[in-house]
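Throughout, read-outs are computed from the coordinates displayed, never taken from laboratory work. Predicted model, so just to flag it, every value in this text is computed and none were measured. Please note: Cβ atoms are built from the backbone with ideal geometry, for glycine as well, and neighbour counts cover all protein chains shown.
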Amino acid sequence: MPRLRLEPRAQTSRLATYLSPVLAVVLTLIGAAVLFAILGRDPIRAYQAFFIDPISTFYGAGELGVKSAPLILCAIGLAIGFRANVWNIGAEGQFVLGGICGSYVALFYEPTLGPATLPVMFIAGALGGLAWAAIPALLKTQFNANEILTSLMLTYVAQLLLNYLVRGPWRNPQGYNFPQSKIFDGYAVIEPWISGTRIGLGTFLALIAAAGGWFLLSRSFLGYQIKVIGLTPAAAAYAGFSAKRVTWFCLLLSGGLAGIAGINEVAGPIGQLLPVISPGYGFTAIIVAFLGRLHPVGIVLAGLLIALSYLGGEAAQISLDLPVAVVGVFQGMLLFFLLACELLVRYRVQIGQAIAESAA
Amino acid sequence: MHELTAILVSMVLSATPLLLAASGELVTEKSGVLNLGVEGMMVVGAVVGFGVAFGTDSAIAGFAVAAIAGALMAALFAVLTLIFLANQVATGLALTIFGLGLSALMGKAYIGKTLPPVPHLHIPGISDIPLVGPLIFGENAMVYVSVAFVIAIAWYLSRTRSGLVLRSIGENHDAAHALGYPVRRIRFLAVLFGGAMSGLGGAYLSIVYTPLWTEGMTAGRGWIALALVVFSTWKPWRLLFGAYLFGFFSIAQLHAQGFAVPIAPEFLSMLPYLATILVLVIISRDAKRIRLNAPAALGKAFRATA
């Protein structure tokens, strides 16, 4: 029986680096067709409803920019952390806190601040997400507590806090008892930049974040430290790079970006504070970060693709009567294939005995 | 007295799913594999267990199939991390995201349905003794099963040859491999066992605890189970203590809500999550203790070189 052998590559394959995400997407599409068939839908029609119909209009194409913005903002921050082996998986909670803190400004200080409202809202949102991420950073650096678990636990806490606010003190008194804040107005609203779409500030900020992330990782000394700490912690310690400082930086950066994404979502597409302000953007951003191979340019492309899956899910829910949960299954599947294809980047797969070995 | 009994009994009820999932994960981690997908395996176990119990009118069948479902999810993880050598942290996260989506898809048909209550042990006379009676002799079967598993795991890990091999693989897979132990096969089995236990824990939630199916009903319990393993410093007996402590926290907040304590229910609901963080901090503070107790090869990929 021929055996598969793995031989580590001396250098990661450039070709495989670019091809592995593409291969993963292709495999996911095949898996999706199987899933559609199991659910009793014609795969071709389902593909069309999922991936083509949603962006066939000008407005729909614009939605791609709107939906991808929070994903890209969160994923850029997470990816920089993942590079340094800092596993912030609480971006969802930091997103919610950003939404809460920004909304505080919008709800109570809009009349006083006037035209300065929106900038202050974004600063408050960024600080909110940053503060929420500072907790796992402190617990990690001071008490050695695993940031995966603490950041995730804080996500549940943030969600409960939001629930409390929209049901209690911040509920709209004229809102017929619905758990929601009053609708933002005046200077607290983000207006679309391109008429006929909802593209606005958020999409712009996402691109800025991607450019900034690229500069940080490819052109700065801090980015170099991040990469060395992630690849060989021992060498980084020998070179005198402070792992604690990098942990702080990665968590604060990703928290701040998630907070910006949060307030952008509340002040833009949603327009008020609701009990749920994210369909899991903070978690999906983890997939976006990996699909983009932790590289800012890749993340922008991955963000667009995953945004399309969200839009497709909403469209297919109406046109094909498919449950929205299908999207989660696709996203999970994509991440699995991606992780499996990663093997091709680091190893050469050989069938049977290695020739090099038998020659030696 | 009556109130105290009620609190302690419900403490045990809410601790049992954590105990089931955490004791499975403990075995997985002892073999050197970190599976962060507990939440995903639990939630799939919950929906499958509910569906089977609902369809067959048999809670036992529900638990059995849920364990298989959990093991299948774990098999996915094992193939990716042990054969494809994928990053264990990322694969575990993927398993959770996938499980939450898959369970929501599968559970569509069961929303709003309920199951009959699961019977409790009742020994006439003994079960009626105040406090001790209902607490020790009046629980449902899965409570006893979960405690039996902890005892069995403690015995297996510390008293059997096979348990010793499993631990040695978790400490140093290269040395174990050099001695001729099948590292990959044993790890695969340990991961499957962890998955089956998570499946049972999930099924306990949907069949016994609530008993109904709602989307994302595990509500972070898989992650709390992971924290419990750290809390126990990888010792099965301490898991028992930790799980009941957490059960107490989550029940205390429910009872406080019942007593009309002047705190918003949302803040009381934060307690279990905050307690998890607090406990994690207290345990992890001593870095040396974690380093000494954690399996040395935890989370590291193994590739046979010869």
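Observations, loosely collected:
- Calculated [222 nm] ellipticity per residue, helices only, for chain B: -22500 deg cm²/dmol; basis is -39500 (n - 2.57) per DSSP H run with n ≥ 4, divided by all residues, nearest 500.
- Segment B:108-165: C-alpha gyration tensor shape, a/c 1.5 cut-off, then a/b vs b/c: oblate
- Taking the Cα atoms of segment A:42-321, the ratio Rg/Rh between the radius of gyration and the Kirkwood radius comes to 1.00.
- Residue B:136/residue B:289 FRET efficiency (R0 35 Å; Cβ-Cβ; nearest 0.05): 0.60
- Summed side-chain charge close to residue A:202 - residues other than residue A:202 whose Cβ falls under 13 Å, Lys, Arg +1, Asp, Glu -1: -1
- The aspartates and glutamates whose alpha-carbon is closer than 14 Å to the alpha-carbon of residue B:235, local same-chain residues fewer than 8 away aside, are B:25, B:29.
- Folded to 0 to 90 degrees: helix B:221-231 orientation relative to chain B principal axis, Cα: 60
- A compact globular protein would have a Cα radius of gyration near 2.2 N^0.38 Å; the ratio found for segment B:251-306 is 1.93.
- The angle between the Cα long axis of helix B:59-78 and the longest principal axis of the Cα atoms of chain B comes to about 30 degrees, rounded to the nearest 10.
- Projected onto their three principal axes, the Cα atoms of segment A:122-174 cover extents of 47, 23, 13 Å, largest first.
- Taking every alpha-carbon pair within segment B:125-195, the share separated by more than 18 Å comes to 55 percent.
- Dividing the Cα radius of gyration of segment B:58-125 by its Kirkwood radius returns 1.16 for Rg/Rh.
- 0 to 90° range, to nearest 10: angle between helix A:201-219 axis and chain A longest Cα axis: 40
- Solution diffusion estimate, µm²/s, Stokes-Einstein, segment B:220-274, Kirkwood Rh from C-alpha pairs, 10 °C, viscosity 1.306 mPa s: 132
- Taking A:74, A:250, A:101 and counting other C-beta atoms within 10 Å, the order from fewest to most: A:101, A:250, A:74
- For A:330-342, mean number of other protein chain Cβ atoms within 10 Å: 6
- Size of the protein assembly as shown as Cα extents on the principal axes (Å, biggest first): 79, 73, 57
- Shielding by partners for peptide B:258-270, expressed as the average number of C-beta atoms from other protein chains within 10 Å of each residue's C-beta, is 3.
- Gaussian network model of chain B, Cα within-10 Å springs - most flexible of B:143, B:79, B:47: B:79
- At an R0 of 60 angstrom, the distance between the Cβ atoms of residue B:215 and residue B:2 translates into a FRET efficiency of 0.95.
- Charge tally in the Cβ shell below 13 Å around residue A:60, where Lys, Arg are +1 and Asp, Glu are -1, residue A:60 excluded: -1
- Under the criterion of Cα pairs below 8 Å and six or more residues apart, the relative contact order for segment B:221-305 equals 33 percent.
- Cut-off 13 Å between beta-carbons: net charge of the residues surrounding residue B:177, Lys and Arg +1, Asp and Glu -1: +3
- Spin-label zone in segment B:263-306 - amide nitrogen under 13 Å from a point set 7 Å from the Cα of residue B:179 along the C-beta vector: none
- A:232, B:233 arranged by Cβ crowding within 10 Å, fewest neighbours leading: A:232, B:233
- Dipole check for chain B: with +1 at the C-beta of Lys and Arg, -1 at the C-beta of Asp and Glu, and the Cα centre as origin, the magnitude is about 1120 Debye.
- Between the residues B:212, B:247, B:268, the greatest Cα displacement towards the positive end of the dipole of chain B, with unit charges on the Cβ of Lys, Arg, Asp and Glu, is found for B:247.
- Convex hull of segment A:170-228 built on C-alpha atoms - directionally averaged projected area, nm²: 7.6
- Rg in Å to one decimal, and Dmax rounded to a whole Å, for segment A:185-328 via C-alpha atoms: 18.3, 59
- Its Cα gyration tensor gives segment A:28-174 an equivalent ellipsoid. The semi-axes, each the square root of 5 times an eigenvalue, are 34, 25, 16 Å from largest down.
- Computed over segment B:2-293, the convex hull of the alpha-carbon atoms projects to a mean area of 16.4 nm².
- When the alpha carbon gyration tensor of segment A:257-339 is reduced to an equivalent ellipsoid, the three semi-axes, largest first, read 21, 20, 10 Å.
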